[in-house]
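Data first, discussion second: the structure below is written as structure tokens.
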Amino acid sequence: SNGYPAISPPWGTLTAIDLNTGKHLWQKPLGEFKELTARGIPQTGTENYGGPVITAGGLLFIAATKDGMFRAFDKKTGNLLWETELPAAGFATPSTYQVNGKQYIVIACGGTKLGTKKGDSYVAYALK
């Protein structure tokens, strides 16, 4: 009745699988309903659209969630290392590129899916 999925959380996850063995290495809820977190409910995950990109240094970047966040995880452990709110949800797979020896991550922020606000921008972040 409140618009949340009718099944028990997590409602969206990020899962690392060893493709050589098929073994699940780790799994984390991906995304949150901030109003539920504020009420003390652990991160539930949200429906997500878009994949991750992984850098040679082992950083996994993904947006893909209704909450409009862009996150970086440690590829080996799944630990959240960084997150920031985008101007609109990024339902896309990020890209990485390099200019003059500096690496960047860019994500399209179009929103509109799942009732999120509409956006029309690309946001790029430089890696140190």
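The values are calculated or read from the model by the stated rules, or taken from the named source; none is laboratory data. Keep in mind it's a predicted model, so treat the numbers as computed, not measured. Reconstructed Cβ throughout: ideal geometry from the backbone, glycine too, with neighbour counts over all protein chains shown. We work out accessible area using only protein heavy atoms, side chains counted, and drop any ligands, DNA or RNA first. Shrake-Rupley method; radii C 1.70, N 1.55, O 1.52, S 1.80 Å.
Out of the residues in segment 7-28 meeting the condition of being within 16 Å of N48 (Cα to Cα) and open to solvent by 100 Å² or more (accessible area, probe 1.4 Å), tell me which one is farthest from the chain's Cα centre (by Cα). Per the stated criteria, the residue is I7.
Identify, from the list I41, I54, the residue that is at pLDDT below 95, of a type in the set (V, I, T) and surrounded by fewer than 20 Cβ atoms within 10 Å (Cβ to Cβ).
I41
Can you pull out the residues in segment 85-99 that are of a type outside the set (A, V, I, L, M, F, W, C) and touching a residue at least 40 places away in the same chain (Cβ under 8 Å)?
Pass one, segment 85-99, residues of a type outside the set (A, V, I, L, M, F, W, C): 85, 87, 90, 93-98.
Result: G90, T93, P94, S95, T96.
Assess whether N2 counts as being open to solvent by 70 Å² or more (accessible area, probe 1.4 Å), farther than 18 Å from K128 by Cβ and over 15 Å from the mean Cα position of the chain (by Cα). Yes; evaluated as a whole, the condition is true for this residue.
Close contacts from segment 1-25, counting a first residue that is basic (K, R) and a second that is open to solvent by 70 Å² or more (accessible area, probe 1.4 Å), with Cβ to Cβ under 9 Å and a gap of 6+ residues or different chains, come to K23/I17. Picking from residues in segment 97-112 that are open to solvent by less than 60 Å² (accessible area, probe 1.4 Å) and of a type in the set (V, I, T), the one that is nearest to T46 (Cα to Cα) is I107. For segment 72-90, the condition holds for no residue, the condition being that it is touching a helix residue (DSSP H, G or I) at 6+ places or on another chain (Cβ under 9 Å), of a type outside the set (A, V, I, L, M) and buried (at least 19 other Cβ atoms within 10 Å of the Cβ).
Residues of segment 113-128 being open to solvent by less than 80 Å² (accessible area, probe 1.4 Å) and more than 11 Å from L86 (Cα to Cα), which ones?
L114, G115, T116, Y125, A126, L127
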